[in-house]
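K.L.:
Following this message is one structure expressed as structure tokens.
The values are calculated or read from the model by the stated rules, or taken from the named source; none is laboratory data. Because the structure is predicted, anything quoted here is derived from the model rather than measured. Backbone-built Cβ (ideal geometry, glycine too); neighbour counts: all protein chains shown. Keep in mind that these areas ignore ligands, DNA and RNA; they rest on the heavy atoms of the full protein, side chains included. Shrake-Rupley method; radii C 1.70, N 1.55, O 1.52, S 1.80 Å.
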Amino acid sequence: MATNSMAGLITGAHSHLSRDSDEHQAPTRQGSSKTCRVCGDEIGYKENGERFVACHVCGFPVCRPCYDYERSEGNQCCPQCNTRYKRHKGCPRVVGDEDENSDADDFDDEFQIKNHREDLDRQYDVNHVENLLCISTKWGLAKTNETISIENGDYNKEKLHPNGQAFSSAGSVAGKDFEGDKDFYSNEEWQERVEKWKVRQEKRGLLNKEDGKEDQGEDDDYLLAEARQPLWRKVPISSSLINPYRIVIVMRLVILCFFFRFRILTPAYDAFALWLISVICEIWFALSWILDQFPKWFPITRETYLERLSLRFEREGEPNQLAPVDVFVSTVDPLKEPPIITANTVLSILSVDYPVDKVSCYVSDDGASMLLFDSLAETAEFARRWVPFCKKYNIEPRAPEFYFSQKIDYLKDKVQPTFVKERRAMKREYEEFKVKINSLVAKAQKKPEEGWVMQDGTPWPGNNTRDHPGMIQVYLGSAGALDVEGKELPRLVYISREKRPGYPHHKKAGAMNALVRVSAVLTNAPFMLNLDCDHYINNSKAVREAMCFLMDPNLGKKLCYVQFPQRFDGIDRHDRYANRNTVFFDINMKGLDGIQGPVYVGTGTVFNRQALYGYDPPVSEKRPKMTCDCWPSWCCFCCGGSRKSKSKKKSGKGLFSVFSKNKKKKMMGKDYVRKGSGSMFDLEEIEEGLEGYDELEKSSLMSQKSFEKRFGQSPVFIASTLVENGGLPEGTNSQSLVKEAIHVISCGYEEKTEWGKEIGWIYGSVTEDILTGFKMHCRGWKSVYCMPKRAAFKGSAPINLSDRLHQVLRWALGSVEIFLSRHCPLWYGYGGKLKYLERLAYTNTIVYPFTSIPLLAYCTIPAVCLLTGKFIIPTLTNLASVWFMALFISIILTSVLELRWSGVTIEDLWRNEQFWVIGGVSAHLFAVFQGLLKVLGGVDTNFTVTAKAAEDTEFGELYLFKWTTLLIPPTTLIILNIVGVVAGVSGAINNGYGSWGPLFGKLFFAFWVIVHLYPFLKGLMGKQNRTPTIVILWSILLASIFSLIWVRIDPFLPKQTGPVLKQCGVEC
């Protein structure tokens, strides 16, 4: 790693926008105009013979009298760019000139001008102002809604806008409105100006050739104004779509109240136990629906403006000001997570559409596998050819496996004749690359007895995966690692944290925290993108999409992360097991975005580094409250309280009150000083602590022990946490940084610190993502949901039944662990800044596994009713029938209106409902009991999965069957309900016509269960329509035992009343 590669990165400071090199020529051109654009008089010359130029920014032609009058009586700003006029030598001083570094040697001239002030005022008579009014229409003044009023021979200008807002400092008379600008250039000058603008736009990818012909009137002033526009906008759902949806929700809530009133007041006495169980289950379902429904009350969508981001932060001739990004990729076992998939993810990151010096990729190998180490070496070599190919032809996606497997016309929109030839060559090279990776995988299947040996003959340090030192290898980003075209490549770093027996490692959360510390030491980018090893970047502009929010000067400082939806490849067309999870990502997450932000889902998230460090978001200053004179200050309710609070704030002193000029941030109730862009410490000043500061500075900052208690014993890392906008100190040594990075991934580094408690990814649950996002929202941070038209990231999902159930089991187990911990949303963080609807959403994410218990009971009730001849609902009256019908209609209307505003298909909604039942009676049920055993009893139970071979065809994994105990409960439910249907129909046939009426209600509920479990039944059958014998045996056994409970009931014969008749003899 070379020293120059570790230099401090340029951060995205929100400074005033400056013009590029071409735009600096504008003052000369406009200054050459001989006519004043305000009054129409000729522009004079200065004493040195040069033509008078009023505005040094845009060069808008204004004569000396108009300039003097604008400074003395007007708004003192240029009419075109709204920049305040600077004082010229010999001009009278006005208020505000004392702040400028103007010439101070012209007092005599100024005194002379003041004596002749009356003569100057006489020049602006009424006739002159009328001339201004006539000329203003010509140069576009009317188009900026400026009006001039005549008062006592003077004129005043007022800016009027339709929305009542003050005119933006982005420039007033610009772009399309300023059409008269062309009149002041010759044809050659104007054509040259337009051509230069088009070339810059085409380089940035913002203009096609056809667009250039239509927009020849656009000039640099328009671009400058465009760059100052917002980088994103909020798009609320149309009121015609959302208002009926809300009305139906309220109606459904009212109907539920009347429905439960009927259910509770009219019990079924002949089946009281079944009735009581059913009512309890229905009340639980209603509460679950409320938790899920009301956080969707304010759904919104957002759209970004990438061209404005480029115009604002990527100016030609200036350093690129886009913020650096560190990308994290985590993996554990390369045999279960194929290295070729991880390699594709890394290649898509290295070729992302972002400045190469602003991107660093960190790959965490928590299994210390030499296979992944060698695979990344091959990936880095292949990236030298793949990255320039992607950027040269602007291909999508930039993961080679998925790019070459696309079934589309890859020649569409490609005009370069060399594309086909280079694409074929690149595809051959990728096939060779896959062969190399496959050979490494084949070699890794059998581990030598003496352990793995690296190419240089030294033993692999990670031969013992549970006892090995920390390892860091930098593949790209150093001085010699250039692509085949001689251009720099993004940094690629391999990391394997130290593991020793007796130390807790906290699985994925611990690995992510190690990545946070290593990246802070090596690059310290202010933003971090978190990806799973099987989630590649599908949209090369995904990072730019996130920067539109994170680099926004107003919103960005309050954001903890930007969450992208998860999209998946390789899922069957019907999405049998709801792997796409469209209802959650396209409905629930949009609703949360309108409250405080979406929850963190574990991948596809761009983080604000300062939010992970436990800092509180910046508090926006509130307007002072209105005061009144109706009561004395000591008894005034309007202002007395506010004055008291202000006095308290002024009297209170933080830990760093001595350095009041520096920015203050709160973290866990304490004040921390952080600087905006520069580093607070230089590495030369950091030697075993905070040496280099005197005693006063040490006491005012924070003691070294207090820092180490929170962040650990690394002065380099501590220094990086105090740099708000990221970057490294100047003069850093790459070798010392790597040595420090090894230290921060040692197994004992987190001992007696706040890591995993208040800082970084939070420990205590296998679903660390929900817990981490919940802690940030409790501190007051906001998050944003970004849904670009082209999916930002894509991953792979388990499409066979067993793997899908085990994935859901892991998620549900994490929710149960959070429910039983101190971080439960039901009682945690009430003193914080978490909004109530956001709390409802988090409560729903940790309570939903417990729905499995009432769901299992409710799915069993139809079979029991059919076997016993009893029912949970007595005879319905006309009024009760109305409430039942109203409830079903409201449920249907809610779903239909939800589909309208969200765009989700009815098939996705139905698959989601089906898998809610399948997962609820299997994975969620096991998660509840496993979580209770783990948290309360300390017993950690694991469910093993045994795989069978699958056919090597498209979606062959869909038919792959793996035996697991999770399959027993839903299989038993299917058999019970099928047996109940057969028994109920047989009993109705035997009992006559009168028994068919009560049977229909029971059959309806039984078919409701069977239809919801139908995808599960298809998964059991597989492609060959065969089910393993062990599944059939277990299910039949459980169903038989359950049925024997009702052995005294014979539903096939009619009930008899009166004495029992028996045969008494042969001749009877």
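K.L.:
When both residues are 6+ apart or on different chains and their Cβ atoms are under 6 Å apart, which pairs have a first residue that lies in the stretch 421-437 and is assigned to a helix (DSSP H, G or I), and a second that is of a type in the set (A, V, I, L, M) and at pLDDT 90 or above?
P.N.:
The qualifying pairs are I437/I340.
K.L.:
Let me ask something else about it. Test each condition in (1) among the hydrophobic types (A, V, I, L, M, F, W, C); (2) open to solvent by 20 Å² or more (accessible area, probe 1.4 Å); (3) in contact with a helix residue (DSSP H, G or I) (Cβ under 6 Å, 6 or more places away or on another chain) for A399 and report the one that comes out false.
P.N.:
Exception for A399: condition (2).
K.L.:
Within the set of pairs 6 or more residues apart or between chains, which connect a residue that is touching a residue at least 40 places away in the same chain (Cβ under 8 Å) inside the stretch 822-839 to a residue that is open to solvent by 80 Å² or more (accessible area, probe 1.4 Å) with Cβ atoms less than 8 Å apart?
P.N.:
Y828/R822; L837/F298
K.L.:
Take the residues in the stretch 575-607 that are at pLDDT 90 or above and among the acidic types (D, E), then tell me which one is nearest to I300 (Cα to Cα).
P.N.:
Checking each candidate, the answer is D593.
K.L.:
Another question about this same structure. Being part of a strand (DSSP E or B) and touching a Cys at 6+ places or on another chain (Cβ under 7 Å): is that true of L492 here?
P.N.:
It is true that L492 is part of a strand (DSSP E or B) and touching a Cys at 6+ places or on another chain (Cβ under 7 Å).
K.L.:
If you take the residues in the stretch 280-327 that are assigned to a helix (DSSP H, G or I) and among the β-branched types (V, I, T), which one is least open to solvent (accessible area, probe 1.4 Å)?
P.N.:
Applying the filter and picking the extreme gives I290.
K.L.:
Here is a follow-up. How many residues, within the stretch 462-478, are part of a loop (DSSP other than H, G, I, E, B) and either under 16 Å from L371 (Cα atoms) or in contact with a Pro (Cβ under 8 Å, 6 or more places away or on another chain) (or both)?
P.N.:
Taking the stretch 462-478 as the starting set, the residues that turn out to be part of a loop (DSSP other than H, G, I, E, B) are 462-467, 469-470, 477-478.
Pick out the ones that are also either under 16 Å from L371 (Cα atoms) or in contact with a Pro (Cβ under 8 Å, 6 or more places away or on another chain) (or both) and you get 462-467, 469, 477.
Adding up the residues that qualify gives 8.
K.L.:
Within the stretch 425-433, is even one residue surrounded by 11 or more Cβ atoms within 10 Å (Cβ to Cβ) and at pLDDT below 85?
P.N.:
No; the residues of the stretch 425-433 include none that is surrounded by 11 or more Cβ atoms within 10 Å (Cβ to Cβ) and at pLDDT below 85.
K.L.:
Please state which of the following conditions T875 fails to meet, knowing it meets all the rest: (1) within 20 Å of F260 (Cβ to Cβ); (2) without any contact (Cβ under 8 Å) to a residue 12 or more places away in the chain; (3) under 41 Å from the mean Cα position of the chain (by Cα).
P.N.:
The number of the failed condition is (3).
K.L.:
Just need a number here: residues in the stretch 802-815 that are in contact with a strand residue (DSSP E or B) (Cβ under 9 Å, 6 or more places away or on another chain) and open to solvent by less than 10 Å² (accessible area, probe 1.4 Å). Give the steps one after another, and end with the answer.
P.N.:
Initially, the stretch 802-815 is screened for residues in contact with a strand residue (DSSP E or B) (Cβ under 9 Å, 6 or more places away or on another chain), giving 802-803, 806.
From what's left, open to solvent by less than 10 Å² (accessible area, probe 1.4 Å): 802.
Total meeting the criteria: 1.
K.L.:
Based on what the data block shows, is Y842 modelled with pLDDT under 90 and of a type in the set (S, T, Y)? Please lay out each step first, then the result.
P.N.:
Values: modelled with pLDDT under 90: no; of a type in the set (S, T, Y): yes.
When the stated conditions are applied, Y842 does not pass them.
K.L.:
Continuing with the same structure: Regarding N513, is this residue part of a helix (DSSP H, G or I) and open to solvent by less than 50 Å² (accessible area, probe 1.4 Å)? Before the answer, list the steps.
P.N.:
Numbers: part of a helix (DSSP H, G or I): yes; open to solvent by less than 50 Å² (accessible area, probe 1.4 Å): yes.
Answer is yes for this residue.
K.L.:
Here is a follow-up. Does the stretch 673-683 contain any residue that is under 27 Å from the mean Cα position of the chain (by Cα), modelled with pLDDT of 85 or more and either open to solvent by 10 Å² or more (accessible area, probe 1.4 Å) or not hydrophobic (A, V, I, L, M, F, W, C) (or both)?
P.N.:
The answer is no; no qualifying residue exists.
K.L.:
Only residues in the stretch 534-556 that are more than 28 Å from S796 (Cβ to Cβ) and assigned by the TED database to the domain that holds E337 count as the first member; pair them with residues that are among the charged types (D, E, K, R) and open to solvent by 20 Å² or more (accessible area, probe 1.4 Å), Cβ under 9 angstrom, at least 6 apart or cross-chain, and list the lot.
P.N.:
none
K.L.:
Which of the residues that make up the stretch 719-750 are under 31 Å from the mean Cα position of the chain (by Cα) and either outside the structural domain of Y494 (by the TED database) or part of a loop (DSSP other than H, G, I, E, B) (or both)?
P.N.:
L722, E724, N725, G726, G727, L728, P729, I745, S746, C747, Y749, E750
K.L.:
Additional query: Among the residues of the stretch 837-854, is there at least one that is assigned to a loop (DSSP other than H, G, I, E, B) and not acidic (D, E)? Give the derivation first.
P.N.:
If we filter the stretch 837-854 for residues that are assigned to a loop (DSSP other than H, G, I, E, B), which is where we start, we get none.
Within the stretch 837-854 (the criterion being assigned to a loop (DSSP other than H, G, I, E, B) and not acidic (D, E)), the answer is no, since none of the residues qualifies.
K.L.:
If you go through the stretch 715-768, how many residues are hydrophobic (A, V, I, L, M, F, W, C) and open to solvent by 20 Å² or more (accessible area, probe 1.4 Å)? Walk me through it before giving the result.
P.N.:
Filtering the stretch 715-768 down to residues hydrophobic (A, V, I, L, M, F, W, C) leaves 716-719, 722-723, 728, 737-738, 741-742, 744-745, 747, 755, 759, 761-762, 766.
Subset that is open to solvent by 20 Å² or more (accessible area, probe 1.4 Å): 716, 728, 738, 742, 747, 766.
Count: 6.
K.L.:
Can you pull out the helices (runs of 4 or more DSSP H) entirely within the stretch 42-132 that have at least 1 residues that are touching an Asp or Glu at 6+ places or on another chain (Cβ under 9 Å) and modelled with pLDDT under 60?
P.N.:
On the way: elements: 64-73, 107-115, 117-122.
It comes to 107-115, 117-122.
K.L.:
Does the stretch 816-836 hold any residues that are crowded, with 17+ Cβ neighbours inside 10 Å and not in a loop (DSSP other than H, G, I, E, B), and which are they?
P.N.:
V816, E817, I818, F819
K.L.:
Restricting attention to the stretch 896-912, report how many residues are closer than 24 Å to F298 by Cβ and surrounded by 15 or more Cβ atoms within 10 Å (Cβ to Cβ).
P.N.:
Going through the stretch 896-912 one residue at a time, the tally reaches 10.
K.L.:
Please find, within the stretch 353-382, the residue that is least open to solvent (accessible area, probe 1.4 Å) out of those that are in a helix (DSSP H, G or I) and among the aromatic types (F, W, Y).
P.N.:
Of the stretch 353-382, the ones in a helix (DSSP H, G or I) are 356-358, 370-382.
Then keep just the ones that are among the aromatic types (F, W, Y); that gives 373, 382.
Working: F373: 37, F382: 2 Å².
Ranking the candidates gives F382 first.
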